[in-house]
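What follows is one structure encoded as structure tokens, with my remarks underneath.
The values are calculated or read from the model by the stated rules, or taken from the named source; none is laboratory data. Predicted, not measured: the structure shown is a model, and the values here were computed from it. Positions of Cβ are backbone-derived with ideal geometry, glycine not excepted, and every protein chain shown enters the neighbour counts. Surface areas here come from the heavy atoms of the whole protein model, side chains and all, with no ligands, DNA or RNA. Shrake-Rupley method; radii C 1.70, N 1.55, O 1.52, S 1.80 Å.
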Amino acid sequence: MSQVVVYSSGNIQVVIGDITEEETDAIVNAANSTLLGGGGVDGAIHRKAGSELKEEGRTLGGCLTGDAKITGGYRLKAKYVIHTVGPIWRGENAGEEELLASCYRKSLQLAKDHGIQSISFPAISTGAYGFPKKPAAEIAVREVKMFLKENDLQVRLVCFDKETAQYYLNILNK
Ligand code: AR6
């Protein structure tokens, strides 16, 4: 699967493709709190990175929802993987929006702390964790734009499906 750029303006790009093919300095993993792998994007990243990623994951002591931790990228093209644990959607007003925003903020801050110049995000929490795609896209764009006001970083929002890409496009083209 090749990466198709469907939006590019300033430091933000929207891409349809497989995040494990990204050549940015870091890719973000929509992980679970064990940091030992799982399904979805997490499974794909672990498969492509190789077993060393799980080995490093074991040393990290897990990760809380809304937080992020960094590892090497091993056999991936990306040098780093930033693992963040999105909230499981339970319904509105259960605090998931703030936790999802925190995933983006913490991941971007970790990237900054490590001198990373380009980063690719999947649509965190919108698969197995069931966060509705439209509000998730709004939170992602809001947090990325806020961060880019004060920081210079190339951010790619990588979508596995066209529906997610369309939400990003609607928001970014407003
Ligand atoms: N590249 C880009 N995006 C992808 C890829 C890929 N290779 N594969 C899936 N997506 P999910 P979550 C999209 O379920 O909702 C795991 O088991 C997918 O279409 O990967 O945060 C973890 O271990 C969706 O839009 O992550 C956790 O237990 C988005 O990535 C749990 O799932 C996120 O879907 C985390 O659930």
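Numbers for the structure displayed
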item	result
Residues of the range 1-48 satisfying the condition of being in a helix (DSSP H, G or I) and surrounded by 15 or more Cβ atoms within 10 Å (Cβ to Cβ)	Ile19, Thr20, Glu21, Gly40, Val41, Asp42, Ala44, Ile45, His46, Lys48
Qualifying residue in the range 100-112 (condition: of a type outside the set (A, V, I, L, M), closer than 18 Å to Gly38 by Cα and open to solvent by 10 Å² or more (accessible area, probe 1.4 Å))	no
Given (1) in contact (Cβ under 8 Å) with a residue 40 or more places away in the chain; (2) open to solvent by 60 Å² or more (accessible area, probe 1.4 Å); (3) assigned to a helix (DSSP H, G or I), index of the condition Gln166 fails	(1)
Boolean, Arg75 is closer than 15 Å to Ile19 by Cα, of a type in the set (D, E, K, R) and without any contact (Cβ under 8 Å) to a residue 40 or more places away in the chain	yes
The one condition in (1) assigned to a helix (DSSP H, G or I); (2) of a type in the set (Ser, Thr, Tyr); (3) within 11 Å of the ligand (Cβ to nearest atom) that Tyr129 fails to fulfil	(1)
Qualifying residue in the range 109-119 (condition: assigned to a helix (DSSP H, G or I), within 15 Å of the ligand (Cβ to nearest atom) and either over 15 Å from the mean Cα position of the chain (by Cα) or of a type in the set (D, E, K, R) (or both))	no
Scope the range 62-97; condition away from the ligand (no atom under 14 Å from the Cβ), closer than 17 Å to Pro122 by Cβ and hydroxyl-bearing (Ser, Thr, Tyr); matching residues	Thr71, Tyr80
